[in-house]
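Chemist: Below are the structure tokens for one structure; questions will follow.
The values are calculated or read from the model by the stated rules, or taken from the named source; none is laboratory data. None of these values were measured; they are calculated from a predicted model. Every residue, glycine as well, gets a Cβ built from its backbone with ideal geometry; the counts of neighbours run over all protein chains shown. What goes into the accessible areas is simple: the full protein's heavy atoms, side chains included, and nothing from ligands, DNA or RNA. Shrake-Rupley method; radii C 1.70, N 1.55, O 1.52, S 1.80 Å.
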Amino acid sequence: MTTTEQRAKATSQPLIRVEGIHRTFGEIPVLRGVDLDVTEGEVAVVIGPSGSGKTTLIRMINALETIDSGRITVDGTIIQDATNGRHRMNAKAVRLARLELGMVFQRFNLFPHLTALENVMMPPVRVRKVPKDEARERALRLLTRMGLADRVNNRPHELSGGQQQRVAIARALAMEPKAMLFDEATSALDPELVGEVLKVMRDLAESGMTMIIVTHEMRFAAQVADRIIVMDQGRILEQGTPEVIFNKPSHARTEEFLRAVISPAEA
Amino acid sequence: MTLDLTKEWLPRLLEGMKYTVAITIGAFILALLLGLVIAVMRLDRRRWYLYVPATIYVEVLRGTPLILQLFFAYFALPAMGIQLSPLTAAILGLGANTSAYLSEIFRGAIRTVDQGQWEASAALAMDWPTMMRSVILPQAMRIALPPTGNYAVSLFKDSALASTVSVAELLFTGQVIGSETFRYMEIYALIGLLYLAVSYPTSLLLRRLETHLELSRPRSRKKPSVPAPVEAEKEPVS
Ligand SMILES: Nc1ncnc2c1ncn2[C@@H]1O[C@H](COP(=O)(O)OP(=O)(O)O)[C@@H](O)[C@H]1O
Ligand SMILES: [Mg+2]
């Protein structure tokens, strides 16, 4: 990246802007005032203990979850607004935001009645009205890039978890999103399959894709993150570069969390 | 008897069978379309303006006798200025009735589609009709297919009720022949065989289809092909 590009990026508005988000499920406050800006090309990795609200937060960005207060803006378009008590969500804005955001789920959520190729082809054809031939070509290219050239005609249940998740990533990329959201993309995988998925995510990060990644893979986080965001009990506890967060965190709870996740696997 | 049977009765009965089949096919197509619409209308209670009328429709049709519904279509609608031919009235009555039951099957099948499928489609910016058509319904229909087939067989048998609104279908034709010849025993036995000749092979076919779908369904645990040993059951469980 050239310095002029970097400067342009620094001055441009954030691609994703989360402001003052609160959310309560029943009686339980799950998010308690979260602000987060993600600029184009940035890789933001969200970590934190289970139940701290990471999934809820990431799902709000593409309006799979609603907010109680605050505002979410994607590429300059407000998609959810609850700043003055009333919740407003504009269907057209939500659709636009979803077109710009690819989402990868913990449990893959591939379409079981379609082959890998059809999973990747169908959304661009049906949603973006891409001609079939073009969509097929794009899907084949993406699946090849994911190392799945020989799996294109298999149904999801014929694929391993790692292969399924790579198809899911290809499916999201086929919509040509401006940013990708990953919610614990490797948590449902057998340990020996985690690496192959992390590899394609790393490649994606290196290609300049804007990404918000929720993960428990700390070594991976340290490698790809421009910024680490530590969540705890519905708040952002602290954030900073991997060096700062992993070497000299400001909060005792961050240290505690990092000790707990890193020691069993990597010490 | 053989002479009467082949020369006279059978051609007339087969003529009646044509109507039976026509009623079945017509009513079934109507039931599929209405059933799907009603099922979709009842998916979301918050859309009460769809949910409430669809629910009333289902409860009325399931809570009243089918024969009453047929009489209503044929005898009562003319009082409102709607004159239907016997065949149309039968197709309408049977189709509407079956649609109420099919809608419940469809709704149940749609509900069994994993929540993650709705979310993945939404995240891919699909609008509701696209989501339904490309993701949810193709999966739901696989689940709904066997019970839907069974309703087709039921409908085929229930089409005999059309005789009460004077459609010259199989049973009606048999009754006419019976009243001419008084050989009710033979004629009704023959009609029974004719119904069976269609419904039994269809049921067998459906069962095979069901097994096929069961085996080709993702995540379905295959039953062991060898029955589990039974000796263990003889032992008292301590
Ligand atoms: N739909 C829901 N209804 C009720 N509680 C929920 C729902 N979704 C999440 N929660 C609760 O919100 C809290 C945060 O959940 P989540 O965002 O999944 O955290 P994380 O992803 O960090 O583990 C948890 O306590 C969870 O039980
Ligand atoms: Mg989570």
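Chemist: Percent of accessible area on the protein assembly as shown owned by carbon and sulfur, 1.4 Å probe?
Modeler: Here carbon and sulfur together make up 58 percent of the probe-accessible area.
Chemist: What's the magnitude of the charge dipole for the protein assembly as shown around its Cα centre, counting Lys and Arg as +1 and Asp and Glu as -1 at the beta-carbon? Answer in Debye, nearest 20.
Modeler: Roughly 700 debye for the protein assembly as shown.
Chemist: Determine one quarter of the surface area of the Cα convex hull of the range B:46-128, which equals its mean projected area, and express it in nm² to one decimal.
Modeler: 7.5 nm²
Chemist: Could you identify which residue out of B:122, B:73, B:144 has the top mean-square fluctuation in a GNM of chain B using Cα springs shorter than 10 Å?
Modeler: Maximum among the listed residues: B:122.
Chemist: Also, I was wondering about something else. Treating the protein assembly as shown as a set of equal point scatterers at the Cα positions, no solvent, please give the Debye-formula log₁₀ I(q)/I(0) at q = 0.10 Å⁻¹.
Modeler: -0.90
Chemist: Pick out, from B:52, A:66, A:164, the residue whose Cα sits farthest towards the positive end of the charge dipole of the protein assembly as shown, with +1 on the Cβ of Lys and Arg and -1 on the Cβ of Asp and Glu.
Modeler: Towards the positive end, the residue furthest out is B:52.
Chemist: Do the sum for chain B: with -39,500 (n - 2.57) for every DSSP H run of n ≥ 4, divided by all residues, what is the mean residue ellipticity at 222 nm, to the nearest 500 deg cm²/dmol?
Modeler: The per-residue figure over chain B is -23000 deg cm²/dmol.
Chemist: Okay, next question. Compare the Cα positions of A:209, A:78, A:231 along the charge dipole of chain A (+1 at Cβ of Lys, Arg; -1 at Cβ of Asp, Glu; about the Cα centre) and return the one farthest towards the positive end.
Modeler: Result: A:78, furthest along the dipole toward the positive end.
Chemist: Which order do peptides B:22-33, A:32-43 fall in by mean Cβ count within 10 Å, highest first?
Modeler: Ranking, from highest mean packing down: B:22-33, A:32-43.
Chemist: While we're here: Between chains A and B, what is the buried accessible area summed over both chains (1.4 Å probe, protein heavy atoms, nearest 100 Å²)?
Modeler: So the buried area, both faces added, is about 1800 Å².
Chemist: Within a 10 angstrom radius of each residue's Cβ in A:105-113, how many Cβ atoms of other chains show up on average? Whole number is fine.
Modeler: Across A:105-113, the average partner-chain Cβ count within 10 Å equals 6.
Chemist: Could you bin all the Cα-Cα distances of chain A into 10 Å bins starting at 0 and give me the percent of pairs in each, rounded to whole numbers?
Modeler: Result returned by the calculation: 7, 28, 35, 24, 6, 0.
Chemist: Which one, B:80, B:141, B:132, has the greatest fluctuation when you compute a Gaussian network model over chain B with C-alpha springs under 10 angstrom?
Modeler: Highest fluctuation of the listed residues: B:80.
Chemist: Another one. Taking the Cβ of residue A:24 as the centre, find all other residues whose Cβ is under 10 Å away and add up their charges (Lys, Arg: +1; Asp, Glu: -1).
Modeler: Cβ neighbours under 10 Å give a net charge of 0.
Chemist: Inverting the mean 1/r over all pairs of different Cα atoms, compute the Kirkwood radius of the range B:13-71 and quote it in Å.
Modeler: It is 13.3 Å.
Chemist: Continuing with the same structure: Give me the orientation-averaged projected area of the Cα convex hull of chain B, in nm², one decimal.
Modeler: Its average projected convex-hull area is 21.1 nm².
Chemist: Another question, then. Using the Cα centre as the reference, give the magnitude of the dipole from point charges on the C-beta atoms of the range B:46-165 (Lys, Arg: +1; Asp, Glu: -1; all else neutral), rounded to the nearest 20 debye.
Modeler: 20 debye
Chemist: Tell me the relative contact order for chain A as a rounded percent, counting alpha carbon contacts under 8 Å between residues six or more apart.
Modeler: 23 percent
Chemist: Lys/Arg Cβ at +1, Asp/Glu Cβ at -1, dipole of chain B taken about the Cα centre: which of B:132, B:118, B:175 is farthest positive-ward?
Modeler: B:118
Chemist: Then there's this: Over the protein assembly as shown, with the other protein chains present, what is the accessible area per residue in square angstrom, probe 1.4 angstrom?
Modeler: Result: 51 Å² per residue.
Chemist: Taking amide H positions as placed 1.01 Å from N in the peptide plane, with prolines and chain starts having none, which residues 5 or more places from residue A:46, or on another chain, fall under 5 Å of its amide H?
Modeler: HN-HN under 5 Å from residue A:46: A:213, A:214, A:215, A:229.
Chemist: Please state the charge dipole magnitude for chain B, taken about the Cα centre, from unit charges on C-beta atoms (+1 on K and R, -1 on D and E), reported in debye and rounded to the nearest 20.
Modeler: Its charge dipole is roughly 640 debye.
Chemist: Ok, one more. Counting pairs on different chains as well as pairs 8 or more places apart, how many Lys pairs in the protein assembly as shown have Cα atoms under 19 Å apart?
Modeler: Here the count comes out as 6.
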